[in-house]
Amino acid sequence: KPASGANVTVHYTGWTTDGEMFDSSALKGEPITFPLNRVIPGWSEAVQLMTIGEKSRFWIPENLAYKGKPGAPQGMLVFEIELLDIINLKAPSDVAAPPADAQKTASGLAYKTLSKGSGSQKPTAEQTVKVHYTGWTTDGKMFDSSRSRGKPAEFRLDRVIAGWTEGLQLMTVGDETRLWIPEELAYKGVKNRPAGMLVFDIKLLEIK
């Protein structure tokens, strides 16, 4: 279940008690991602009761909804919410250096499988992949995340930093892996890019 400050990805539809639908991500066909501490109190409380994959209906009284705010839906609101993902954007505890149980390649790339997928195919450097990812510097600062945007990223593996090109080829579809990428396999000191070793949590969603 998500914590109060977690980012979550959901599909939802909302109605007023007279049956008027006023909003729906499901109808738009695009789920939304948001932090639970930046929505109406009824949503924050409701989604914290859910687990990933669950779909629930909530009746949210006006004092936990928009509280009579002009231009917003009035009175009690009814939402059907499907919790698709819980997104932890907080830096992992081992962000400063690869732990003892991480594996290391000849290039200096370190990696650790966080969860195994059901796929068997690994991408080649010439293929395009679809991923969700979050990246941190070793002081725990998050500098980029497809998860925070709520939309996976797609790219050819020979058009990204060397640590990504190598690291993704070790993964199969569905795998989630943490990579510790030394600077010489990352941005190599390029101005206005994250410096030093970088840490990425990457989930391989699809090989195109």
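Measuring only protein heavy atoms, the 1.4 Å probe finds Ser148 accessible over about 50 Å². I need the Debye-formula profile for the range 3-60: one equal scatterer per C-alpha, no solvent, reported as log10 I(q)/I(0) at q = 0.27 1/Å, two decimals. Values returned for q = 0.27 Å⁻¹ are -1.35.
Surface listing: Val160, Val10 arranged by accessible area from highest to lowest gives Val160, Val10, probe 1.4 Å.
In what order, largest first, do Phe22, Phe34 sit by accessible area if the probe radius is 1.4 Å?
Putting Phe22, Phe34 in descending order of accessible area: Phe22, Phe34.
Once backbone amide H atoms are built at 1.01 Å from N, Val173 has Gly119, Ser120, Gln121 as its partners under 5 Å, excluding neighbours fewer than 5 places away on the same chain.
In the context of the full set of protein chains, residues of the chain present 53 Å² of accessible surface per residue (probe radius 1.4 Å, heavy atoms only).
Taking one equal scatterer on every alpha-carbon of the range 18-137, how large is log10 of I(q)/I(0) by Debye at q = 0.12 1/Å? Log10 of I(q)/I(0), two decimals: -0.70.
Divided by 2.2 N^0.38 Å, where N counts the residues, the Cα radius of gyration of the chain comes to 1.20.
When only the Cβ of Lys, Arg, Asp and Glu is charged (+1, +1, -1, -1), the dipole of the chain relative to its Cα centre reaches about 420 debye. What a 1.4 Å probe finds exposed on the range 54-208 is 48% carbon and sulfur by accessible area, rounded to a whole percent. Summarised as an ellipsoid, the range 96-166 has semi-axes of 20, 18, 14 Å, derived from the eigenvalues of the Cα gyration tensor scaled by 5 and square-rooted, with the largest first.
With Cα atoms as the point set, the range 109-149 shows a radius of gyration and Dmax of 13.1, 34 Å. Annotation for the range 154-186 versus the range 1-55: alpha-carbon center distance of 32 Å.
Checking the Cα-Cα distances for Lys67/Lys141; Lys28/Lys141; Lys122/Lys151; Lys90/Lys130; Lys116/Lys188; Lys67/Lys90 against a 28 Å cut-off, the pairs over it are Lys67/Lys141; Lys28/Lys141; Lys116/Lys188; Lys67/Lys90.
The values are calculated or read from the model by the stated rules, or taken from the named source; none is laboratory data. Just so it is clear, the structure is predicted and the values come from calculations on it, not from any experiment. Counting neighbours? That spans all protein chains shown, and the Cβs are built from the backbone with ideal geometry, glycine included. Please note that ligands, DNA and RNA were not included when accessible areas were found on the heavy atoms of the full protein model with its side chains. Shrake-Rupley method; radii C 1.70, N 1.55, O 1.52, S 1.80 Å.
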